[in-house]
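*Asks:* Supplied in structure tokens, the structure appears directly below.
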Amino acid sequence: MRRRDDMHDGPELELQLAELDADDALAEGIESVWGDSRADFLAKAAVGSGALLAALAAPAAPALAKDKGKAKGKRQDRSILNYALLLEYLQADFYTEAERLKTLKNESARQARVVGAHERAHVKALKGVLGGDAIKRPSFNFHGVTERPQAFRRTAVALEDLSVAAYAGQGPRIQSRPYLVAALGILSVEARHASWIRRLAGKTPAASAFDEPRPKPEVIRLVQATHFVSTPRKRARTSSKRSPRYTG
Amino acid sequence: MAALVALGLTSCSSSSSPSSSDEPARPTLPAGPKAAFQIPAPQPLGRTGTTRWASVDRRVGARATPGGELVAGLSPRTPEQTTNLVVVLGRAREFGGELWVRVRLPVLPNNSTGWVPRRALGGYHVVDTHLVIDRHRLTAVLFKGKRRVFSTRVGIGRAQSPTPPGRFYIRVKLTSYRSPFYGPLAFGTSARSAVLTDWPAGGFVGIHGTNEPGLLPGRVSHGCVRMENGAILRLGRLMPVGTPLTIE
């Protein structure tokens, strides 16, 4: 736990994150795994950039179009698609792991199976359209959340709500109408996922009359606070150039 | 919304009956742009078996039961200074407010397993490969799912330094070293010689190439599995670290 005065951001950011996680879903999900208090969670969320931001800083395709405005628009669209891809990777791996581990039963298991397949389809589509510009799949560590049904449901609520807010935040920034149409098609499905898991978690499926869009930095900070995305330092290094010392 | 409904109704009625010449022309909504990409049909997870492995993130004791007697220590590093990893068996269990998982251990006696706190491990990785060494037929066969994707003849341990039987896993891949004796590539396994216990680095059994292909197949080694250099290079392309290994 870092001291308050070590952090990059002040109380304003904490307030923002408190608003973002209005249901306490993410904070409580994390608490159940890490034993962190809500204050700890919010403080950790304020700690600076890591692997996630590094991944999102991946360069977009070099612009070939002569029109600089068009080129900038294309770059921005591809950057938004990569941001969407990162969130889809996260959700796809989250559901897939829970399904593989057979953590859930009955309706929760069905929800994870169906939604996981949707998220994997989103990943496939976004990777297809981004081609060589697509960011690589990060390594994830769900810290046991996918192995505890209640923690899984609470965190799934937070991830789906975040996903909806993230797509809504980027929609107006998409320059290409055909990309926007595709993004809207995904957004509405994410909203259905959110209401499905909210119902299973005992929450009101549609809690408010208006979904607040969320800007990328806020979404990224909240995702970072989960520690689900492994930093490069924590990624497994399984090969080496050392000489073998096996029995021969 | 009422206007849209009225427009829709008007559109329906105008398509089902010819419009009267004295009616004013009514505006129609143009078709929107098509999506830039399609979302593929969601696919269920494959039914083939997968194996989970995880990195050892911190020094930890493996126990006979969750919270029980200590059976072995696990370090975050292998003797080759790569990330140590363990294959995870079965489902996690709650004990003392903590998640525990059973893992296969790279210790003597071979085939040992133990329970470690989930929080000592990194994220799960999955593989769908399985290597089987047959000591009677002197073969190595790699399966991907149920499909046999590689096979070759091998050299194994002599009678006085046998290749140990049991269930193990591949935990490191070594390349680009300069040691013709081991060929161009070597895999480190979790298996250990029960005889050469004072061998440098602990007497781990490797799977590697050779500078004496004429000796293969046969019972020629100190416990390691040797194969021709072309075969080990092919295996290097097909077999990821974390692959379970059965020596029978």
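The numbers here are math on the coordinates, done by the rules we state, and not lab data. Just so it is clear, the structure is predicted and the values come from calculations on it, not from any experiment. Ideal geometry is used to build each Cβ from the backbone, glycine not excepted, and the neighbour counts take in all protein chains shown.
*Asks:* Within 10 Å of each Cβ in B:75-83, how many Cβ atoms from other chains are there, averaged over the peptide? All intermediate terms of the calculation are to be shown ahead of the outcome.
*Replies:* Numbers: counts 0, 0, 1, 4, 4, 9, 3, 6, 7.
The mean count of partner-chain Cβ atoms within 10 Å per residue comes to 4.
*Asks:* Taking amide H positions as placed 1.01 Å from N in the peptide plane, with prolines and chain starts having none, which residues 5 or more places from B:LEU85, or on another chain, fall under 5 Å of its amide H?
*Replies:* Sorted by chain and number, the residues that satisfy this are B:VAL56.
*Asks:* Here's another thing I want to ask about it. Tell me, what HN-Hα J-couplings in whole Hz come from the Karplus equation 6.51 cos²θ - 1.76 cosθ + 1.60 at θ = phi - 60° for each residue of the range B:36-47, using x for Gly and Pro?
*Replies:* So the Karplus estimates, Gly and Pro as x, are 5, 8, 9, 8, x, 4, x, 10, x, 5, x, 8 Hz.
*Asks:* Radius of gyration and Dmax for the range A:102-217's Cα atoms, expressed in Å?
*Replies:* 15.1, 42
*Asks:* Listed highest first by mean packing, meaning other Cβ atoms within 10 Å per residue, what order do A:131-137, B:239-245, B:139-145, A:161-167 come in? Spell out each step's value before the answer.
*Replies:* Numbers: A:131-137: 13.4, B:239-245: 21.9, B:139-145: 18.0, A:161-167: 25.0.
The packing order, highest mean first, is A:161-167, B:239-245, B:139-145, A:131-137.
*Asks:* Please compute the alpha carbon radius of gyration of the range A:137-190, then divide it by the globular-protein estimate 2.2 N^0.38 Å. Two decimals is fine.
*Replies:* 1.44
*Asks:* Sort the following peptides by mean Cβ neighbour count (other Cβ atoms within 10 Å, averaged over residues), highest first: A:199-209, B:217-227, A:168-178. Please list the in-between numbers first.
*Replies:* Numbers: A:199-209: 12.8, B:217-227: 22.1, A:168-178: 16.5.
Ranking the peptides A:199-209, B:217-227, A:168-178 by packing returns B:217-227, A:168-178, A:199-209.
*Asks:* So what is the relative contact order for chain B, in percent, with contacts set as C-alpha pairs under 8 Å and at least six apart?
*Replies:* Working: 514 pairs, mean separation 43.6, N = 248.
Relative contact order, chain B: 18 percent.
*Asks:* Working from Cα positions, state the angle (0 to 90°, nearest 10) between the long axis of helix B:2-16 and the longest principal axis of chain B.
*Replies:* So the helix axis and the longest Cα principal axis differ by about 80 degrees.
*Asks:* Go ahead and run the numbers for FRET between A:GLN150 and A:GLN175, Cβ-Cβ distance against an R0 of 41 Å, rounding to 0.05.
*Replies:* Values: r = 42 Å, r/R0 = 1.02.
Efficiency at R0 = 41 Å is approximately 0.45.
*Asks:* In addition: Give me the three principal axis extents of the range B:98-248 from the C-alpha atoms, as integers in angstrom, largest value leading.
*Replies:* So the three principal-axis extents are 54, 35, 31 Å.
*Asks:* Sticking with this one: Rank B:ILE133, B:ILE207, B:ILE39 by mean-square fluctuation in a GNM of chain B with C-alpha springs under 10 angstrom and give only the top-ranked residue.
*Replies:* Highest fluctuation of the listed residues: B:ILE39.
*Asks:* For a quick check of your reading of the filter: which trypsin sites (Lys or Arg not before Pro) in the range B:158-215 sit in a DSSP loop and have no more than 12 other Cβ atoms within 10 Å?
*Replies:* Details: sites: B:ARG158, B:ARG167, B:ARG171, B:LYS173, B:ARG178, B:ARG192; in loops: B:ARG158, B:ARG178.
The qualifying sites are B:ARG178.
*Asks:* Taking a cut-off of 14 Å, what percent of all Cα-Cα pairs in the range A:180-248 are separated by more than that?
*Replies:* On the way: 1844 of 2346 pairs.
Considering the range A:180-248, 79 percent of its Cα-Cα pairs are separated by more than 14 Å.
*Asks:* So what does the Cα-only Debye profile of the range B:79-150 read at q = 0.24 Å⁻¹, as log10 I(q)/I(0), no solvent term?
*Replies:* Here log10 of I(q) over I(0) equals -1.16.
*Asks:* Which residue fluctuates the most in chain B, going by a Gaussian network model with Cα springs under 10 Å, if the choices are B:GLY97, B:GLY68, B:GLY230?
*Replies:* Most flexible of the set in this elastic network: B:GLY97.
*Asks:* When ranked by the protection proxy of mean other Cβ atoms within 10 Å per residue, highest first, what sequence do the peptides A:105-111, A:229-235 form? Walk me through the numbers before you get to the answer.
*Replies:* Numbers: A:105-111: 13.6, A:229-235: 15.7.
In decreasing order of mean packing, A:105-111, A:229-235 become A:229-235, A:105-111.
*Asks:* Cβ under 12 Å from B:GLN81's Cβ, B:GLN81 left aside: what net charge do those residues give with Lys, Arg +1 and Asp, Glu -1?
*Replies:* Charge balance near B:GLN81 sits at +4.
*Asks:* Where is the GNM fluctuation largest for chain B (alpha-carbon springs, 10 angstrom cutoff): B:SER179, B:SER151, B:SER55?
*Replies:* B:SER179
*Asks:* Report the extension gain between A:GLN76 and A:ARG137 in nm, rounded to one decimal, defined as 0.36 nm multiplied by the number of residues separating them, less their alpha carbon distance. Could you put the intermediate results ahead of the total?
*Replies:* Values: separation 61, 0.36 × 61 = 21.96 nm, distance 2.03 nm.
Gain on stretching A:GLN76 to A:ARG137: 19.9 nm.
*Asks:* Now, a different point. Please give the average number of partner chain Cβ atoms lying within 10 Å of the Cβ of each residue in A:229-241, rounded to a whole number. Mind showing how you got there, number by number?
*Replies:* Details: counts 1, 4, 0, 0, 0, 5, 4, 14, 7, 17, 12, 12, 6.
For peptide A:229-241, the averaged partner shielding equals 6.
*Asks:* From Cα coordinates alone, what are the radius of gyration and Dmax values for the range A:78-142 in angstrom?
*Replies:* Answer for the range A:78-142, Rg first and Dmax second: 12.6, 39 Å.
*Asks:* Of the listed pairs A:LYS136/A:LYS234; A:LYS105/A:LYS136; A:LYS74/A:LYS216; A:LYS102/A:LYS127; A:LYS127/B:LYS173, which have alpha-carbon separations greater than 20 Å here?
*Replies:* Working: A:LYS136/A:LYS234 16 Å; A:LYS105/A:LYS136 32 Å; A:LYS74/A:LYS216 18 Å; A:LYS102/A:LYS127 27 Å; A:LYS127/B:LYS173 29 Å.
Violating the 20 Å limit, Cα to Cα: A:LYS105/A:LYS136; A:LYS102/A:LYS127; A:LYS127/B:LYS173.
*Asks:* HN-Hα J couplings of the range A:210-226 from phi, Karplus 6.51/-1.76/1.60, θ = phi - 60°, integer Hz, Gly and Pro as x?
*Replies:* 9, 8, 6, x, 10, x, 4, x, 5, 5, 4, 4, 5, 5, 4, 5, 6
*Asks:* Peptide A:138-147: average number of partner chain Cβ atoms within 10 Å per residue? Intermediate results must be reported in sequence, preceding the final value.
*Replies:* Numbers: counts 1, 5, 4, 7, 2, 6, 10, 1, 3, 8.
Going residue by residue through A:138-147 and averaging, the value is 5.
*Asks:* Run through the range B:28-98 and list the GluC sites (Glu not before Pro) located in a DSSP loop whose Cβ has at most 14 other Cβ atoms within 10 Å. Before the final figure, lay out each step's value.
*Replies:* Values: sites: B:GLU69, B:GLU80, B:GLU94, B:GLU98; in loops: B:GLU69, B:GLU80.
For GluC sites (Glu not before Pro) across the range B:28-98 that sit outside H, G, I, E and B with at most 14 neighbouring Cβ atoms in 10 Å, the list reads B:GLU69.
*Asks:* Roughly how many Å is it from the Cα centre of the range B:182-248 to that of the range A:158-207, as a whole number?
*Replies:* 50 Å
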